[in-house]
1. Taking R0 as 30 Å, what FRET efficiency do you get between residue 141 and residue 90 from their Cβ-Cβ distance, rounded to the nearest 0.05?
2. How high is the relative contact order of region 170-214, in percent, counting Cα pairs under 8 Å that sit 6 or more residues apart?
3. Provide the solvent-accessible area of residue 189, counting protein heavy atoms only and rolling a 1.4 Å probe, rounded to the nearest 10 Å².
4. Determine, from the Cβ-Cβ distance of residue 154 and residue 80 and an R0 of 30 Å, the FRET efficiency 1/(1 + (r/R0)^6), rounded to the nearest 0.05.
5. On a full-extension model of 0.36 nm per residue, what is the gain between residue 196 and residue 119, subtracting their alpha-carbon distance, rounded to one decimal in nm?
6. Apply the Karplus parameterisation 6.51 cos²θ - 1.76 cosθ + 1.60, with θ equal to phi minus 60°, to every residue of region 63-73 and state each ³J(HN,Hα) to the nearest whole Hz, in sequence, with x for glycine and proline.
Amino acid sequence: DDSVDSENSAADSNDPSNQDQEPPEFLVYKYNFYLFPAPQSSRLPSKDVTLNPASIAFLIEQEMDFGEWIVNGVPYTTLDNARAHLNQFNSKYEKEKPEDKKQGGPASPPPLEDQNWSEPSDPNEVAFIARSMANLREWIDSAAPSRRNINDLDISLEEEESLGIVKILPHHKKEHLRNCLFRKIKYEYPSLHWQKHNSQNYVLRLSEDEKKVRDERIKRVEWRKMHNEKIG
């Protein structure tokens, strides 16, 4: 058998068709990318970045762009911090609301007179509440919102407002006025969904099913953002 294999190999090497074949070629692109630790929240430990003078001198000789490294470096974090981010995400989106679990749906606001709050007496504060409620009524009386972009991952809050889905509420620095506005809206328009994003309060004009679709979209966006900006 070995002699037969040797004869076949010799025949293959002498075959003119095999000699005409060129060796395979590969086109290789080299590239560099930077890693920079992702900023952490105040509840998670931050990762220190330490450079000694010799390292800086070497990197400068290699023409490293420190600005590119800091501004556009690919974020990464430790395994413990990644687990903490995932736990925060799950606790935010997976837990049931107590009122939903008890009553099978959003709790209805108690009668206005039974709530522990008071109307403002300062003329400027009264005007703020009246103006905010008037703008809200005008928005409610306007044309029905467009649902065509409700599941678009890249739609912003401002774009949702232009479509009539969202009404961003005016922000006041005084907490008791924000609380007053919230309670009046919940009492007069219990079908509206009150939401908060960063420091912006807004209401949604959607059915329960439409709100579930939007909530799932927001969840997917936050999931992607968490990986891109915090975990890497």
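The values are calculated or read from the model by the stated rules, or taken from the named source; none is laboratory data. Just so we're clear, the structure is a prediction, and the values are computed from it rather than from any experiment. Quick reminder, even Gly has a Cβ in these numbers, built from the backbone with ideal geometry, and neighbours come from all protein chains shown. Surface areas here come from the heavy atoms of the whole protein model, side chains and all, with no ligands, DNA or RNA. Shrake-Rupley method; radii C 1.70, N 1.55, O 1.52, S 1.80 Å.
1. Numbers: r = 40 Å, r/R0 = 1.33.
So the FRET efficiency works out to roughly 0.15.
2. Working: 24 pairs, mean separation 12.0, N = 45.
So the answer I get is 27 percent.
3. Using a 1.4 Å probe on the heavy atoms, I get roughly 50 Å².
4. Values: r = 32 Å, r/R0 = 1.06.
It comes to 0.40.
5. On the way: separation 77, 0.36 × 77 = 27.72 nm, distance 2.27 nm.
That pair, residue 196 and residue 119, stretches by 25.4 nm at full extension.
6. Values, residue by residue: 6, 6, 9, 5, x, 5, 4, 6, 7, 10, x Hz.
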